[in-house]
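See structure below.
Bear in mind these aren't lab numbers, they're just calculated from the coordinates by the rules spelled out. Computed from a predicted model, the values in this text were never measured in an experiment. Ideal geometry is used to build each Cβ from the backbone, glycine not excepted, and the neighbour counts take in all protein chains shown.
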């Protein structure tokens, strides 16, 4: 076995390290998906949960932008990734320690959890950044490596769903932190994407970090506008699912099973991503993904009345998410210049965080006002609006000399 490992070339070794990091990261993440369930158990309404998540999104805007620029400035994605993941899960583990029996308990949640998000809000962004950039620079199969994360997320979701009746929801926070340790260890040994692009000569001039260069790119800005509405929809869809489940008399404890199933159906499109990219443009794959997610919203509104029907319609979201993951990160990577790739991913994540403000703040109010089923029809219309905006942006630019072919 040892001799076989020694014979592996550098790309194969890097693939294994990235699989280890990505796999353990998403396995641990599955144990940390119960914040909304925990808040609901503490008496938080949909509106209050939406307010809390909106404040967290505001912090995430500054978080991803700040850490993205620091990453480009110091020339290292990996060092920042290790920092935000380590501190992020450490602080997250302390949430159950926030007092719940005081008059100011609600205010404490509204202050402490968003503050923790200065680190936690950048964890997925830098995890994806490490994976996407290494795969593109080394010619590795992104879809296969990322599918390992989806598979282990499924396994983790099933495990914690079984364990919750025995360990309790508060335990998920510190279990998440413990399970993230192997991911951090693997990350330590992963290749830093920036290493080969740094100037080696002492006299090499340092390139000035010009963020404005990104916002002069028509296609990048158009994508951010699409992402704004797309992530408003995904935030509404995900963050109020527990409340929807309760409205159709499905126990919130089954939330993990639904997450496990959705992660499972992401895998086929992730595995086929390289083949799909040869036949379709990345923007076409993103539009198809958003369309599938819109179908889920329509199904939840008109047809979902049990856990089995909820699972059936969540198939569309899982398939759509698999397509979107396969295409979106590569799309941003190809649009950004080499010296601003971390910042481009960071601002993409910042837009997602802005969407989180609207999606959570307004979503909670709308959910409580119109009810669960009409709410998910509104969600499907938001997905449709994002598709329309993205499609029109390319029609406006159609035939221009600088039109892109991705």
task: Quote the FRET efficiency, to the nearest 0.05, computed for residue 111 versus residue 228 with a Förster distance R0 of 25 Å and r equal to the Cβ-Cβ distance.
output: 0.40
message: Once you order the gyration tensor axes a ≥ b ≥ c over the Cα atoms, which shape class does the stretch 256-310 get: rounded for a/c under 1.5, otherwise prolate or oblate by comparing a/b with b/c?
response: oblate
- line: Assertion target for 242, 379, 265, 365, ordered by fewest C-beta neighbours within 10 angstrom first, is 365, 265, 242, 379
- request: Would you mind giving the three semi-axes, in whole Å and largest first, of the ellipsoid equivalent to the stretch 206-290 according to its Cα gyration tensor?
  value: 34, 20, 12
Rounded tilt (10° steps) of 10-30 against the dominant C-alpha axis of the chain: 20 degrees
query: Out of these labelled values of volume of the Cα convex hull per residue in Å³, (1) 150; (2) 128; (3) 168, which was calculated from the coordinates shown here?
result: (1)
- request: Under a 10 Å cutoff between Cα atoms, tell me which one of 192, 249, 72 has the largest fluctuation in the Gaussian network model of the chain.
  value: 249
task: Quick one: go through the stretch 153-184 and flag any residue whose amide nitrogen is under 19 Å from the point 7 Å out along the Cα-to-Cβ line of residue 97.
output: 169-181
task: Taking only Cα atoms and a 10 Å spring cutoff, compute GNM fluctuations for the chain and point out the largest among 187, 388, 228.
output: 388
statement: In Å, the Kirkwood estimate of hydrodynamic radius for the stretch 56-153 over Cα pairs equals 15.0 Å
field: Dmax and Rg, reported as Rg then Dmax, of the stretch 40-90 (C-alpha, Å)
entry: 14.9, 45
- prompt: How would you rank 133, 279, going from fewest to most other Cβ atoms within 10 Å of each one's own Cβ?
  reply: 279, 133
message: Rounded to two decimals, what is the ratio between the C-alpha radius of gyration of the stretch 1-135 and 2.2 N^0.38 Å?
response: 1.29
field: 397, 277 arranged by Cβ crowding within 10 Å, fewest neighbours leading
entry: 397, 277
query: What's the angle, to the nearest 10 degrees (0 to 90), between helix 218-239's Cα axis and the longest principal axis of the chain?
result: 30 degrees
task: Would you calculate, for the chain, the mean residue ellipticity at 222 nm contributed by helices, counting each DSSP H stretch of 4 or more residues as -39,500 (n - 2.57) and dividing by all residues, to the nearest 500?
output: -26500 deg cm²/dmol
- line: Treating every alpha carbon of the stretch 259-382 as one equal point scatterer without solvent, the Debye formula yields log10 I(q)/I(0) values at q = 0.11, 0.14, 0.21 Å⁻¹ of -0.46, -0.72, -1.24
message: Using Cα springs under 10 Å in a Gaussian network model of the chain, which residue among 141, 53, 101 shows the largest mean-square fluctuation?
response: 101
